[in-house]
Structures are given as structure tokens and as C-alpha cells.
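Reading through the C-alpha cells given below for one structure.
The values are calculated or read from the model by the stated rules, or taken from the named source; none is laboratory data. Bear in mind the structure is a predicted one, so any value in this text is a computation, not a measurement. Note: ideal-geometry Cβ built from the backbone for every residue, glycine included; neighbour counts use all protein chains shown. Areas reflect the complete protein model, heavy atoms only, side chains present, ligands, DNA and RNA absent. Shrake-Rupley method; radii C 1.70, N 1.55, O 1.52, S 1.80 Å.
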Amino acid sequence: MVLHWALEALCVLPLLNSQNPACTNVTAMPITSATLDWLTRRWFFIASAFRKPEYKQGAQEMQAEFIYFDTRPREDKLWVREHMTIGGRCTQNSTILSVHRENGTFSKTEGNRENFGHLLLLRDPRSFMLAFFLEDEHNRGPSFYADAPEASSEPLEEFREAIRCVGLRTSEILCVDWKKVILGLASEICHTSKCVLLGTAGDTDLPEGRPPPQPRKKFVHIF
């Protein structure tokens, strides 16, 4: 899979200005069935730099998040399950995104508007970014995901490069402190749900007598 990933990466064009050195590692690529197979796993939300007000507010309020992708390549659909902890309470959502293979985007229609997210691949195949509203300097912003709660230094630096590439400041980055979540807030967060930690079997179990988590109306980080 890593070899296939590398071969695909050789065939893509830079998303933004190739003259900007900060953009050399930020590429948009066509989405293939192999890409969708690779996405089908659990991903941890690591950091974001959103300017869209509701996205930024959601990132500020969120203590932790991880998502599951499940793909249907023949249907060009992406099933998403999102688990977030806000204020010590776990909320869960699910949605279906349309896959646009040629331009490397996912989309979701709400009302009369179709919102798009660009899939941006990094050198490290254990991480990726989703970028939104890149054409709008007042609302643009990427988010960074990894397949473990703590990303290594190289993809984190690529994320910072991407932030500069799209015209944002590194001071706008908001990070999830997974060490604090797992070690410091475990007893506080998990009294309502175990889903914030590692999403293992039984991740939606609730202690007896507790009400089930209420779904949020929309995705904060996906669409």
C-alpha cells in the first residue's frame, strides 16, 4: 500500500502555487479505490487552523475527537462516524459524503449548498489533512488527522508548512492534547462514555442509568 501511495503521489500537481517552497509537500490528488481502501480505518483528530467561525468555535470547545471511515468504492460514497468529547460528554454522529475522484474532494449537501473538503496527502501515509474553503481567506482552514493519538514530528511539520502555504499563521493552530485526555481527564470524561479514549470494542457502552449521548446537528470538522 505504501508503494502504491508513493506511485500515486508522483502523478499529482501541487494544490497551490508551486513557487511557494512551503507548498512543495502539499498536494491534491485524484482519489482512487486504493485511496478509499487506505482511508477505511480509525483516525484521530490532532490539530486544525480554521477561520470559519463555527468550525473554529467547535475546535476550541472540543476536548478530543476520532473518526471512522467506511468506504463504498463502487458507489463513490464515504460513510463517516465521528466521536467527539465536549465538556466531558461524548457525542456521536454519522454522515455520508460523496466522493469526487478526479479533483480529490469529498462533499456533503445541506439545503441548496454543497460543501467540499479537499483530501491532502502527506509524505507519511499514517496521516492526512482535510482542507476547506481554500478560495476564501476569511473561512479557509485545514485539519490534520493521524492513525494514532500522537503524530510524529515530520507530519506535524508538514502540517505547519501547509498552514503557511494557504496563508494562515501557525499561531492559529489549535491542537488536541491527547496525553492530557488519556492520562489527566480519563476519569472525568469517561464517566459518561468510553468512546473518547481508543475507540475499542464497547466504545459506545454507557454506565447503567446514564442517558445516551445526543447527536450534534452537524459535523464540526468534516462538513
Inset, instruction - Given the peptides 122-130, 36-44, arrange them by the average over their residues of other C-beta atoms within 10 Å, most packed first. - result: 122-130, 36-44
Legend entry - At most 14 other Cβ within 10 Å, DSSP loop - chymotrypsin sites (Phe, Trp or Tyr not before Pro), the stretch 50-103: none
Legend entry - Computed E for R74/E110 - FRET, C-beta separation, R0 30 angstrom, nearest 0.05: 0.75
Legend entry - Per-peptide average of other Cβ atoms within 10 Å, ordering 169-175, 29-35 highest first: 29-35, 169-175
Legend entry - 1.4 Å probe accessible area per residue over the stretch 39-191, in Å²: 46 Å²
Inset, instruction - Given the peptides 57-63, 162-168, arrange them by the average over their residues of other C-beta atoms within 10 Å, most packed first. - result: 162-168, 57-63
Legend entry - Sites matching GluC sites (Glu not before Pro) across the stretch 88-132 that sit in DSSP coil, with at most 10 neighbouring C-beta atoms within 10 Å: E102
Inset, instruction - Could you pull out every one of the aspartates and glutamates with an alpha carbon less than 12 Å from that of K179, ignoring same-chain neighbours closer than 8 positions? - result: E150
Inset, instruction - Please report, as a whole percent, how much of the solvent-accessible surface of the stretch 62-109 comes from carbon and sulfur atoms (probe radius 1.4 Å). - result: 45 percent
